[in-house]
Amino acid sequence: MGELAPPPHHPPPGQSVTRTSLPGNPLAPSAARRFVRAALADWTGLALPAAAAITDRVAHDAVLVVGELVTNAVVHAGTTVELLFRLEDPADGRPAALVLEVSDHHPARPVRHDAYQEDEDGLDEYGRGLRLVAALTECWGITYRPGLKTVWARLPLDGWDTCPVPGAEPAIQRGLRAAEILAPTQRRVVRDDHEWAGRGALSFLAEASDLLAGQLDEDLVAALAGQLLVPRLADWCAFWLEGEGTGGGGPRLARVWHADESALEPLRTVLEKEPPRMPEPPSTRPVPVPWPSPDGSGAARPAGGADPGAHGTDGRAGGVDGDGRAQGVHEGAGGASAHATRAAHAEHDAPAEHAAHSASGGAALAYRLVVGGHALGTLMIGRRGQGRVPDAVTTLVEDFARRVALAVGAARRYTRQVTISRILQRGLLPSQVAQIPGVESRVVYEPSDDGLAGGDFYDVFQAGPGVRRWCFMLGDVQGSGPEAAVVTGLARPWLRLLAREDHRVGQVLDRLNRLLLDDATEAAEAAASMVAAAGDLPGGPQPPAQPQARFLSLLFGELVPLGPEEGGGARCTLASAGHPLPLLLRPDGSVTPAAAPQVLLGVVDDVGYESHTFHLAPGDTLLCVTDGVTERRSRTGRMFDDGDGLAEALAGCAGLPAREVAERIKHAVHAFGETPVCDDLALLVLQAR
């Protein structure tokens, strides 16, 4: 079963792991298959408990899965593909397994599940490949990281009928092998609608809530919801999502899903002609709508002549028959008898009459996605060859639609928060950094993926018009979000102003420290006044907690370019206040700290910050980083800078230009840990030419 989650297990040290990088071209899938065969051949010769379980069948399945995953990455990302293949020994009650991880560098393009047609090169395809992966593996999923999307799959080596991931479906129970999955003929889905009247419905809703919870993109919510509905409860479904705000525009067709891949695009074409027009005020109750016809006539309107509330005399929702006439889902004696007659007739003549009836249409219902009285969109489902939708299914889909609406609402709130934070972040950071004569500069900045405005900031600017002095800064405010943004919004302009008033580096830090302490004092006095006012009111509201001091770590310096007669390069003066120390890389590969540690800003009054001046000679490189680099943790808890790890990584960059030094350090930080970087990451490289 597909999940948007990390791979289910990280191997302990010493376990068999092999990896490679593949070009994003049509040769990558075959190269990946050869790589997996070679790895399996090597592992079978190792004295590991799991290696003995690698059979020809396991090897064949692994080769098929990696071929499909790499093909998907190449077709839909087109970037370099990173392939990791590992052998897991039995541990913690889990069986031995093979785990494949295929990563591409284009996470904005999601994994595709739609119908596809193979092109003449045999590569441009999607859809059935992930069905193959789902059927051959114990479980699979997708992990998103900054700049990276990983699709992983786990193939157990024993106990194929055991799947330890809750909700996942054992592959062996599906009874599908590669030949069946890849066959172009449509597989007929057999439904038992009676199961939805009891525990089946509860299990389905629990699974849906689990999968939809925490999804942060409304289109992804619609995609996952479509996979849950089809073919379990419907032959096809469609999601329209309303635009936000007064200028959001009309509803857009966000997702269409069909059990018959060949019918997907024709259905989408019909539904795109006109969005559904649902009754007002918004209600979660189902509305019967005509079966979509090729000419689109009335496809999005409530069933002809039906009450806008779409309810029969008993208040229950209806469907439509093959001719588009509205019918109540809950039928009286005559309706039930007619339905029984139709069912008996269909059973006697099936499957021929069933196919004919399916061709003429079926029952379709529309559900409003409503949260807090506001309509966020519409869900439409269809069941072929039926004149009505059973009561149990109608009720279940109504409950399901409520969960989808909540997930869409949560995703929109998160999107708004991220958008605001990004706008705020752009306003807090410089639009561009100044070019320093004789010095090449390179900045790398990656905010954390929590969607909040981070506390890291940077700047490179000229001290004033006509002044041959350039200043640079790299800082990290305590915390994140609005509180950190407030301090960042104050600190960077203050530093620019102080530097342009011709204060020296140490003096700039002294004055900024005083400003931060004064600002914290004013905030504390305001809080104390609120406490006193609240104390005079009997039973008054509790006052807010007293704000903490606003402190930050900062590396601040200035560069004065030097002419050839002075040795070239630049004279550098800098000071570090509670910040990771900058490192100076000489052309011979030696690395030394370029400053001395001092106390954080905004903590202690009358510190008296001191600066250090040195010659940044041609070929010298100065590396400045925030703690998102030095405190990057591995799975074992070790930090990137433990044992002078940062200096060691920088020493390996001798002779490289500033741009490549920055990229190499960034990649080393990302590769150090197995999990995504959870803190802001910022680094500044200054290299004298």
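Rg and Dmax in Å for region 584-640, alpha carbons only: what are they?
Using the Cα atoms of region 584-640, the pair Rg, Dmax is 15.4, 41 Å.
At a 10 angstrom cut-off on C-beta neighbours, averaged per residue, how do the peptides 577-588, 376-387 rank from highest to lowest? Don't skip to the end; give the middle numbers.
On the way: 577-588: 19.9, 376-387: 24.5.
Peptide ranking by packing, descending: 376-387, 577-588.
Considering only protein heavy atoms, with the full assembly of protein chains and a 1.4 angstrom probe, order 414, 144, 609 by accessible area, largest first.
Ranked from most to least accessible, the order is 144, 414, 609.
For 273, 666, write out the residues from largest to smallest accessible area, computed with a 1.4 angstrom probe and no ligands counted.
On the way: 273 115, 666 35 Å².
Reading off the accessible areas and sorting them downward yields 273, 666.
Would you calculate the convex hull of the Cα atoms in region 612-689 and tell me its volume per residue in Å³? If you can, show how the numbers build up before the last one.
Working: hull volume 7.4 nm³, N = 78.
Hull volume over Cα atoms, normalised by residue count, gives 94 Å³.
What is the extension gain from residue 210 to residue 293, computed as 0.36 nm multiplied by their sequence separation minus the C-alpha to C-alpha distance, in nm to one decimal? Don't skip to the answer; put the middle values down first.
Working: separation 83, 0.36 × 83 = 29.88 nm, distance 3.52 nm.
So the extension gain works out to 26.4 nm.
With all protein chains present and a 1.4 Å probe, how do 431, 103, 209, 21 order by accessible area, largest first? Provide the component values of the computation, followed by the final result.
Details: 431 125, 103 10, 209 45, 21 70 Å².
So the residues, ranked largest to smallest area, are 431, 21, 209, 103.
Give the long-range amide H neighbours of residue 456: residues separated by 5 or more places, or on another chain, with amide H under 5 Å away, using H modelled in the peptide plane at 1.01 Å from N.
477
So how much accessible area does residue 636 have, in Å² to the nearest 10, using a 1.4 Å probe?
Residue 636 has an accessible surface of roughly 100 Å² with all protein chains in place.
Under a point-charge model restricted to the Cβ atoms of Lys and Arg (+1) and Asp and Glu (-1), what is the dipole moment magnitude of region 384-431 relative to its Cα centre, in debye to the nearest 20?
In debye, rounded to 20, region 384-431 gives about 300.
If you average the C-alpha positions of region 205-258 and of region 402-426 separately, how far apart do those two centres end up, in angstrom?
Comparing the Cα centres of region 205-258 and region 402-426, I get a distance of 16 Å.
If the only charges are +1 at each Lys and Arg Cβ and -1 at each Asp and Glu Cβ, what is the size of the charge dipole of region 224-275 around the Cα centre, to the nearest 20 debye? Before the final figure, lay out each step's value.
Numbers: 5 positive and 8 negative charges, 17 e Å.
That gives a dipole near 80 debye.
Can you pull the accessible area of residue 519 for me, 1.4 Å probe, Å² to the nearest 10?
Using a 1.4 Å probe on the heavy atoms, I get roughly 40 Å².
Can you tell me the FRET efficiency between residue 232 and residue 586 if r is taken as the Cβ-Cβ distance and R0 is 60 Å, rounded to the nearest 0.05? Please report the intermediate quantities before stating the final value.
Details: r = 66 Å, r/R0 = 1.09.
So, using R0 = 60 Å, E works out to roughly 0.35.
By how many nm would the segment from residue 280 to residue 654 grow when fully extended, if each residue of separation counts as 0.36 nm and the alpha-carbon distance is taken off? Present the calculation step by step, with values, prior to reporting the outcome.
Working: separation 374, 0.36 × 374 = 134.64 nm, distance 6.87 nm.
Roughly 127.8 nm would be gained on extension.
The values are calculated or read from the model by the stated rules, or taken from the named source; none is laboratory data. Everything numeric here is computed off the predicted structure, so don't read it as measured data. Note: ideal-geometry Cβ built from the backbone for every residue, glycine included; neighbour counts use all protein chains shown. Just the protein is used for accessible areas: all its heavy atoms, side chains included, with ligands, DNA and RNA removed. Shrake-Rupley method; radii C 1.70, N 1.55, O 1.52, S 1.80 Å.
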